[in-house]
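**Q** The structure under discussion is supplied below as structure tokens; questions concerning it will follow.
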Amino acid sequence: MKLRHRSLAVVLATCIAAPLVVSSSAFAAPGDDLTLNHWGRLVLIDTTDNSYVAIDDDLHGERETDLYDAESEADFFDMPKAGNTNYIANNGSGENIKADAGLPGGLGYAEGSIAEDEFNFEVEADGTVKTSTGKFVGFDDASGKLAATDTARYKFAGSALSDTVSLVASLDEYDEEAGTAELSGTATPGALFDSQIKVGLTSAAVELDGTWSMRVSGITKGTKSLTVEQEVDGDKVDEHEVSLGEDDGEEETITPVAVTSAQKDGTYTPGQNVLTGTGTAGDTVSAKNVGPNGTWAVNMGSAKVDTDGNWSLPSRNWGPANTYYVVVTQTHADGSTDTASFTSAPDNVTPPVITPVAVTSSQKDGTYTPGQNVLTGTGTAGDTVSAKNVGPNGTWAVNMGSAKVDTDGNWSLPSRNWGPANTYYVVVTQTHADGSTDTATFTAAPDNAEANVPVAVTSISDGDAYSPGQNVLKGTGTKGASISAKNVGPNGTWAVNMGSAKVDTDGNWSLPSRNWGPSNEYWIKVTQVNPDQTTSEQTVHIIPGIFQALELTSPAVGDKYTAGTAYTFEGKATPGASVTVRSALSTAVYFTVKADDKGEWSKSRQWGPTNTYKLIIEQSSPAGSDKIENFVWAPSK
């Protein structure tokens with residue numbers, strides 16, 4: 001047993017559906033499908049500055065910074081709900097809006113049938129509205145009117161995107177002697193609609209956030225409940241009964257629902273059966289067959305729990321061979337529920353022995369011989385086996401055939417051509433007589449397939465400079481793979497095509513020659529799609545080789561070094577250039593460093609202890625070379 005406290009705010013009544021305002025236009029004829037639409041005030045939000053545009057009956061717009069102000073100025077229209085496509089109609093005149101390049105601004109009232117594409121508008125989940133002409137519903141500041149735009153700058157806002165909200169009402173305080181009651185709850189937000197709550201002649205406005213409260217006076221002693229109504233823009237939307245019963249602190253007993261008839265024990269006798277059980281007096285009990293995967297919803301009847309706590313569903317025919325997966329739901333007076341469930345099979349049927357599906361043919365071991373192949377295996381006699389190639393990410397659904405498991409428990413799919421280079425990601429599904437399933441999976445590549453080789457760019461290294469003009473990007477990869485390259489920009493958000501190619505039989509690829517530069521930087525993302533549909537990528541950042549004369553900014557001419565102390569040579573050069581410091585008197589090379597994409601270079605090292613160096617500092621790049629000669633670098637003592 002569990003106990004439920006008796007609440008003062010028990011909601012008893014049934015909601016009344018909001019009326020759908022149907023256009024009076026001849027274009028939106030009776031019988032048109034209006035379930036995709038709702039009515040509201042036509043307000044747009046400008047996503048560039050988050051301002052609002054209120055649209056009136058003449059399709060003129062007024063900009064506001066506050067949604068409530070915009071809702072107050074806008075007129076009513078029938079509009080598609082988010083995720084649907086339908087017409088937009090003026091709620092007052094019944095005229096329909098059409099997307100037509102011949103109209104001023106590309107949008108306006110026009111005669112015609114709403115069955116024509118030009119009268120249909122697609123509302124995305126975020127409120128963006130597309131037209132059949134490839135434009136977007138927006139606003140033209142120059143004309144001050146609703147207009148078709150090239151970009152999704154504007155979206156439906158406020159009640160243009162929202163339906164009414166169901167009324168929730170509760171009793172906060174009741175003084176029977178004084179005849180007063182304090183009520184509160186939630187309803188359709190006042191920021192979106194003109195929402196009012198009424199009890200008799202007493203009314204209160206719903207706040208912008210959807211909350212409301214009111215004090216009702218003059219309640220006759222002995223009144224048991226109050227009817228609370230919600231009105232939206234003058235139309236009654238729904239109502240609730242709020243109980244005025246006193247909170248006497250009593251607790252009523254909740255008896256969880258239970259099945260007492262024999263079916264609960266796992267079997268039934270085919271024919272007419274009655275499902276019985278126990279529960280909480282006065283509650284409603286219903287039963288559904290939800291199937292082996294819990295996805296069905298086959299109604300099996302409902303009943304009230306009697307005053308003795310018993311219930312009995314209407315007699316119905318069970319069987320003759322079905323297995324029932326029953327969920328019994330008990331709904332209490334406050335709307336909460338509890339459940340009981342059981343599975344029951346016919347008592348004259350021996351439950352089948354389930355043999356899990358298995359693949360026995362050689363493909364299960366990871367390879368296949370290209371050409372005609374037959375997939376075979378074992379399973380439960382009489383079951384259906386099907387196979388699909390689901391791809392490397394499990395998102396494909398390529399049918400590979402189906403078959404019945406024979407009486408010996410074997411199955412064989414029809415022969416089909418495999419390969420020559422494909423890798424197959426196979427899911428084999430066995431469906432049992434009761435609809436439940438089990439699966440087996442494997443991956444198979446051609447037995448003559450080359451191992452995948454990660455894609456690599458070989459013609460230029462990451463960070464290198466290029467010579468402006470015609471260039472060819474080259475590299476290596478998996479034989480037979482497809483190569484594509486895009487300039488993705490510094491943030492990886494661009495998608496500028498730079499060509500595509502196939503990897504040849506030697507494992508090399510070469511994109512078509514194209515003009516690079518003269519001053520562009522490139523972030524080239526190279527993608528390889530292997531024959532088995534797996535991928536690899538490499539991105540190289542390359543910079544223009546615009547020649548910049550070599551500079552040594554430190555040390556300066558005449559500076560000297562102290563033995564055992566590291567000194568930094570630094571300067572400027574062509575971006576990406578190789579800068580080498582070597583002896584002018586021998587073949588000794590002291591260091592080589594690469595200039596960064598700003599052309600800056602630096603290198604630290606110790607010198608000496610007593611040598612006087614005569615240095616040559618030179619740069620080499622695709623854009624050119626130069627050098628600084630006979631720089632003397634001597635000890636300080």
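**Q** Quick check: pseudo-label points 7 Å beyond the Cα along Cα→Cβ at Lys474 and Thr223, how many nm apart are they?
**A** Each label point is offset 7 Å from its Cα along the Cβ direction, giving 9.3 nm.
**Q** Turning to a different aspect of this structure: Using R₀ = 25 Å, calculate the FRET efficiency as 1/(1 + (r/R₀)^6) where r is the Cβ-Cβ separation of Thr535 and Val398; round to 0.05.
**A** Calculated value: 0.85.
**Q** Which residues does a label at Ser602 reach in segment 551-592, if reach means a backbone N under 12 Å from a point 7 Å past the Cα toward the Cβ?
**A** Residues 553-555, 567-572 qualify, since their backbone N sits under 12 Å from the label point.
**Q** Same structure again: Counting only protein heavy atoms and a 1.4 Å probe, tell me what percentage of the chain's accessible area is made up of carbon and sulfur.
**A** Summing carbon and sulfur atoms, their accessible area is 49 percent of the total for the chain.
**Q** Follow-up question, since we're still on this one. When a/c is below 1.5 the answer is rounded, else prolate if a/b is larger than b/c, else oblate, so apply that to segment 150-302 with a ≥ b ≥ c taken from the square roots of the Cα gyration tensor eigenvalues.
**A** In terms of gyration-tensor shape, oblate.
**Q** Can you compute the charge dipole magnitude of segment 137-255 about its Cα centre, using +1 on each Lys and Arg Cβ and -1 on each Asp and Glu Cβ, nothing else charged? Give it in debye, rounded to the nearest 20.
**A** Once rounded to the nearest 20, the dipole reads 820 debye.
**Q** Where in segment 234-324 are there chymotrypsin sites (Phe, Trp or Tyr not before Pro) that are in a DSSP coil and have at most 15 other Cβ atoms within 10 angstrom of their Cβ?
**A** Here the chymotrypsin sites (Phe, Trp or Tyr not before Pro) that fit, given the DSSP loop and packing criteria, are Trp296.
**Q** Do any GluC sites (Glu not before Pro) in segment 191-294 lie in a loop, going by DSSP, with at most 15 other beta-carbon atoms within 10 Å of their beta carbon, and if so which?
**A** Glu207, Glu246, Glu250
**Q** Students often get this wrong, so try it: which of (1) 171; (2) 340; (3) 213 is volume of the Cα convex hull per residue in Å³ as calculated from the structure shown?
**A** Identified label for the calculated read-out: (2).
**Q** What accessible area per residue comes out for the chain, rounded to a whole number of Å², with a 1.4 Å probe?
**A** Averaged over the residues of the chain, the accessible area is 49 Å².
**Q** Follow-up. By how many nm would the segment from Lys81 to Ala563 lengthen if fully extended, with 0.36 nm per residue of separation less the alpha-carbon distance?
**A** Result: 165.5 nm gained on full extension.
**Q** For segment 131-168 and segment 587-637, what is the separation of their C-alpha centers, rounded to whole Å?
**A** For segment 131-168 versus segment 587-637, the Cα centre distance is 65 Å.
**Q** Using Cα centres only, tell me the gap between segment 291-363 and segment 216-231 in whole Å.
**A** 44
**Q** Give the separation of the Cα centroids, segment 437-516 to segment 45-124, in Å.
**A** If you average the Cα positions of each part, the centres end up 48 Å apart.
**Q** Separate question: Suppose each label sits 7 Å from its Cα in the direction of the beta carbon; what would the Ala333-Asn448 distance come out to in nanometres?
**A** My value for the distance between the label points is 8.1 nm.
**Q** So, counting K/R as plus one and D/E as minus one, what does the shell of residues with Cβ under 14 Å around Asn497 add up to?
**A** +3
**Q** Give me the net charge of Tyr567's neighbourhood, meaning all other residues with Cβ under 12 Å from the Cβ of Tyr567; Lys, Arg count +1, Asp, Glu -1.
**A** In short, +1.
**Q** At a Förster distance of 22 Å, what's the computed FRET efficiency of Ser625 paired with Ala588, Cβ-Cβ distance as r, to 0.05?
**A** Efficiency at R0 = 22 Å is approximately 0.65.
**Q** If I histogram all Cα-Cα distances within segment 539-637 using bins 5 Å wide from 0, what percent of pairs lands in each bin?
**A** Going out from 0 Å in 5 Å bins, segment 539-637 shows 3, 14, 23, 24, 16, 10, 6, 3, 1, 0, 0 percent.
**Q** Also: Would you calculate the separation in nanometres between label points at Thr553 and Leu103, each defined as 7 Å from the Cα along the Cα-to-beta-carbon direction?
**A** Label-label distance for Thr553 and Leu103, simple model: 6.2 nm.
**Q** Report the FRET efficiency, 1/(1 + (r/R0)^6), for Asn50 and Thr439, where r is their Cβ-Cβ distance and R0 is 41 Å, rounded to 0.05.
**A** 0.25
**Q** Can you list the lysines whose alpha carbon is less than 24 Å from that of Lys479, not counting same-chain residues fewer than 8 positions off?
**A** Here the lysines satisfying the reach criterion relative to Lys479 are Lys502, Lys525.
The values are calculated or read from the model by the stated rules, or taken from the named source; none is laboratory data. All values derive from a computational prediction rather than experimental measurement. All Cβ positions, glycine included, derive from the backbone under ideal geometry; neighbour counts span all protein chains shown. Quick note on the areas: whole protein, heavy atoms, side chains included, nothing else; ligands and nucleic acids left out. Shrake-Rupley method; radii C 1.70, N 1.55, O 1.52, S 1.80 Å.
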